[in-house]
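Reviewing the structure listed below.
The values are calculated or read from the model by the stated rules, or taken from the named source; none is laboratory data. Since the structure is predicted, the reported quantities are computational estimates derived from the model, not experimental observations. As a convention, Cβ positions derive from the backbone with ideal geometry for all residues, glycine included, and neighbour counts pool all protein chains shown. Ligands, DNA and RNA are stripped out before the accessible areas are found, and what is left, the full protein with its side chains, is counted by its heavy atoms. Shrake-Rupley method; radii C 1.70, N 1.55, O 1.52, S 1.80 Å.
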Amino acid sequence: DEALRIDPSDKGIFVDVEIKQAGEKGRGVFAVEDIPKGEVWRSSYDYTAVFYDGEQYRKFILGLDTGFACDVLQWAYTEYDSETKDPFVAVDLDEATMCNDGNKEGHNVGCDEEDEAMDCDLYDYAIRDIKAGEEILCYYGEFSELQGWKDLNLE
């Protein structure tokens, strides 16, 4: 279905970033210029493959070259649809795959559900000022729902 294809002209990340080594964590995403608090840094799903069917996700993984499949398995996470509450597997297909976990206390991007100016279903934001050269850190606990793997029979 053509409507399900990613449009490469759409921006998934709205700020200048670079991918480089982040010490023992491996690769990471770094801000090229300052990002003020509240600025959209990325679209939540424009460059994300979403699988509501566990078997379709399995077929996707098995169709990849072995090395790439191993990477994708590390990048994948499960969530629940905010409207239907159905579980799904998500795989980011842009630089966001390299966003390391800053934990609850150390992350600098995400979304504040209580901030009415933020559209948490569509975007992630800088939740504090981020300086040029600073690593952009996600909070995996904000979006990754481990129970989803069980619910999709992918445990």
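In terms of distances greater than 24 angstrom between alpha carbons, the cross-link table entries 20/131; 25/131; 11/59; 59/104; 37/104; 85/150 yield 11/59; 59/104.
Contact order, relative form, for the chain: 31 percent (alpha carbon pairs under 8 Å, 6 or more residues apart, mean separation divided by residue count). The charge dipole of segment 64-155, taken about its Cα centre with unit charges on the Cβ of Lys, Arg, Asp and Glu (plus for the first two, minus for the last two), comes to roughly 380 debye.
Accessible area per residue for segment 6-155, computed on protein heavy atoms with a 1.4 Å probe, is 59 Å². Within the shell defined by Cβ-Cβ distances under 11 Å, the residues around residue 130 carry a net charge of -3, with Lys and Arg each +1 and Asp and Glu each -1. Taking all C-alpha pairs of segment 20-80, those more than 18 Å from each other amount to 56 percent. In this view, the solvent-accessible surface of residue 33, computed with a 1.4 Å probe and all protein chains in place, comes to about 100 Å².
Dipole of segment 32-86 (Lys/Arg Cβ +1, Asp/Glu Cβ -1, origin at the Cα centre): which of 49, 73, 84 lies farthest to the positive side? Selected residue: 73.
Surface composition of the chain: carbon plus sulfur atoms contribute 47% of the solvent-accessible area (1.4 Å probe, protein chains only, all chains present). Ordered from largest to smallest accessible area (heavy atoms of protein chains, 1.4 Å probe), the residues 66, 78 come out as 66, 78. Placing +1 on the Cβ of every Lys and Arg and -1 on the Cβ of every Asp and Glu, with no other charges, gives the chain a dipole of roughly 660 debye about its Cα centre. Cα convex hull, the chain: 137 Å³ per residue, rounded to a whole number.
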